[in-house]
Amino acid sequence: MQTTYAESDLFENLDALLDTYDVSNELVVFELGKFHFLRKKKAKQELKALFYALWKLALKQSFPDNYEEYFSSYCKLKKLEKDAKGNATALFRSVEVYNTLLAEHGTKNFSTVADFLADQLVKDSGRREHITLKLALSIRSTYNLIFQRLFPN
């Protein structure tokens, strides 16, 4: 017997996950201290966009025929696609960048995404490789959390 899920259940589950998503581990990985206000703000925005892209990837694994429809419906519902003037929002553009980066390797390798994030947020090139590796593991962990909790209990 196959269980079906309503879009609203998937969306509510994502909202609940997003509400409890704590980026503090990633901020530690980026080595952002308490006085790195602007880089912390950018990191939080980038990680939120990545979270949405990871959710889309989890949808693709679970609903290969309908994931685009679910993702698009969610974006429309949350007004992630367009601002008041009809332009794509900065968050949506960032999500699209991560969707493109994730499309290359899927769930097999998150190093491309980690490398991109490190380019955006890491200034100390001496520790960059270490940070990128830790970040790739953190992204995998976040993806696994999203995938495991994709469906409502």
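The values are calculated or read from the model by the stated rules, or taken from the named source; none is laboratory data. The structure displayed is predicted, hence computed values, not measured ones. Note: ideal-geometry Cβ built from the backbone for every residue, glycine included; neighbour counts use all protein chains shown. Keep in mind that these areas ignore ligands, DNA and RNA; they rest on the heavy atoms of the full protein, side chains included. Shrake-Rupley method; radii C 1.70, N 1.55, O 1.52, S 1.80 Å.
Structure summary
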quantity: Gyration tensor verdict on the stretch 42-109 (Cα atoms; rounded if a/c is under 1.5, prolate if a/b is larger than b/c, oblate otherwise); calculated: oblate
quantity: Rounded to 10°, Cα long-axis angle of helix 67-77 versus longest principal axis of the chain; calculated: 80 degrees
quantity: Length added when fully stretched, ASP9-THR112, from 0.36 nm per residue minus Cα-Cα; calculated: 34.0 nm
quantity: Candidate lysines - alpha carbon under 22 Å from LYS134, same-chain residues fewer than 8 apart omitted; calculated: LYS34, LYS40, LYS41, LYS42, LYS44, LYS48, LYS108, LYS123
quantity: Relative contact order for the stretch 1-124, counting Cα pairs under 8 Å that sit 6 or more residues apart, in percent; calculated: 26 percent
quantity: Helical mean residue ellipticity (222 nm; -39500 (n - 2.57) per DSSP H run of 4+; nearest 500) of the chain; calculated: -22500 deg cm²/dmol
quantity: Mean-position separation - Cα centroids, the stretch 103-121 and the stretch 73-97, in angstrom; calculated: 22 Å
quantity: Label point distance in nm, ASP22-LYS79, each placed 7 Å from Cα along Cα→Cβ; calculated: 3.1 nm
quantity: Overall form of the stretch 25-153 per C-alpha gyration tensor (a/c, 1.5; a/b vs b/c); calculated: oblate
quantity: Cα-based shape type of the stretch 1-73, given that a ≥ b ≥ c are square roots of the gyration tensor eigenvalues and the cut on a/c is 1.5; calculated: prolate
quantity: Heavy-atom accessible surface of the chain: percent carbon and sulfur, 1.4 Å; calculated: 50 percent
quantity: For the stretch 17-153: accessible area per residue (Å², 1.4 Å); calculated: 58 Å²
